Amino acid sequence: MKRSMILAGFQKNSFIDFPGKISCVLFLTGCNFFCPYCHNAALANGEYPQRIDIETVLDFLKARRGMLEGVAISGGEPTLSPAIADLCRSIKALGYPLKLDTNGSRPDILGRLLDQRLVDFVAMDVKAPLDRYTPFCDQTDIADRIRESIHRLMTVAPAYEFRTTCAAPFINTTTIVPMARAIQGADRYVLQPFNRRSVCLDPAFNGKTDPTLFPEAMRQLRDLAAPFVRSCTIR
């Protein structure tokens with residue numbers, strides 16, 4: 001790699017982070033959003049729960065070729081890292097398919113990674129209707145940025161999914177329809193129930209009125225979103 005990099009976390013085996021593949025997960029620190037229900041608070045705050053040199057990870061990946069089937073890069077928000085392209089390039093050079101998790105706030109970086117064929121699968125969060133992102137970030141042009149990222153994924157990405165963490169009061173039967181309409185025609189939309197046991201970025205969030213949406217409510221959201229996309233599932 002042209003730039004040295006310290007990872008903030010490293011999970012050696014995962015059966016859920018890269019659809020259809022046994023993967024490892026690399027965690028980068030720092031985020032430009034402040035979602036109150038975020039369960040990776042340390043990473044969102046730019047902290048380092050672990051400090052792992054990238055060369056250690058690359059050596060691991062070399063040794064696991066033929067056993068691991070892919071690598072996922074998560075965060076935080078990975079596109080904030082100045083070394084993200086170099087990291088992706090180093091992993092791809094080892095022959096691994098690569099998945100990227102993103103909040104969609106940096107469509108220029110996402111576009112470069114896609115144009116250079118450095119990612120094989122992108123999972124992008126859709127937090128709310130695009131005109132209601134204020135609880136999650138303070139970028140005045142965020143709606144335009146999210147729209148551009150959606151467009152790039154749906155026109156360029158080899159494979160992708162949009163996903164929403166369903167937590168009250170942000171997600172309900174009123175908000176889910178404009179969210180699904182914003183990604184109309186998408187291949188895959190995944191709804192994830194909020195985990196009340198999480199330690200959140202806002203420590204008081206899950207100590208207030210219960211933000212959990214239970215199975216019946218989740219199914220109702222799925223049924224409302226499904227007509228707009230090719231596949232809508234609950235994870």
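Structure data summary
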item: Residue within the stretch 7-23 that is among the charged types (D, E, K, R), open to solvent by 20 Å² or more (accessible area, probe 1.4 Å), closer than 21 Å to Tyr133 by Cα and under 20 Å from the mean Cα position of the chain (by Cα) present; result: no
item: Filter pass, Tyr48 being open to solvent by 70 Å² or more (accessible area, probe 1.4 Å) and either under 14 Å from the mean Cα position of the chain (by Cα) or aromatic (Phe, Trp, Tyr) (or both); result: yes
item: Residue match in the stretch 179-189 (condition: β-branched (Val, Ile, Thr) and part of a helix (DSSP H, G or I)); result: no
item: Cβ pairs under 6 Å, 6+ apart, first in the stretch 221-235 and farther than 18 Å from Thr165 by Cβ and assigned to a helix (DSSP H, G or I), second open to solvent by 60 Å² or more (accessible area, probe 1.4 Å) and modelled with pLDDT of 95 or more; result: Phe228/Arg181; Phe228/Gln184
item: Identity of the residue in the stretch 193-235, open to solvent by 40 Å² or more (accessible area, probe 1.4 Å) and polar (S, T, N, Q), that ends up modelled with the lowest pLDDT; result: Thr209
item: Enumeration of residues in the stretch 34-45 that are of a type in the set (A, V, I, L, M, F, W, C), surrounded by fewer than 21 Cβ atoms within 10 Å (Cβ to Cβ) and touching a residue at least 60 places away in the same chain (Cβ under 8 Å); result: Phe34, Ala41
item: Tabulated pairs, the stretch 132-147, first more than 19 Å from Cys38 (Cα to Cα) and open to solvent by 80 Å² or more (accessible area, probe 1.4 Å), second assigned to a helix (DSSP H, G or I) and hydrophobic (A, V, I, L, M, F, W, C), C-beta under 8 angstrom, 6+ apart or interchain; result: Arg147/Ala182
item: Looking only at the stretch 96-116, and only at residues there that are touching a residue at least 12 places away in the same chain (Cβ under 8 Å) and either open to solvent by 20 Å² or more (accessible area, probe 1.4 Å) or over 16 Å from the mean Cα position of the chain (by Cα) (or both), the one that is farthest from Asp144 (Cα to Cα); result: Tyr96
item: First in the stretch 59-75 and over 13 Å from Lys21 (Cα atoms), second anywhere and open to solvent by less than 80 Å² (accessible area, probe 1.4 Å) and assigned to a strand (DSSP E or B), Cβ under 6 Å, 6 or more apart; result: Ile73/Leu26; Ile73/Leu100; Ser74/Val25; Ser74/Phe27; Ser74/Asp101
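The values are calculated or read from the model by the stated rules, or taken from the named source; none is laboratory data. Note that the structure is a prediction, hence the values are computed from the model and not measured. Note that each Cβ is placed from the backbone with ideal geometry, even for glycine, and that neighbours are counted across all protein chains shown. Ligands, DNA and RNA are stripped out before the accessible areas are found, and what is left, the full protein with its side chains, is counted by its heavy atoms. Shrake-Rupley method; radii C 1.70, N 1.55, O 1.52, S 1.80 Å.
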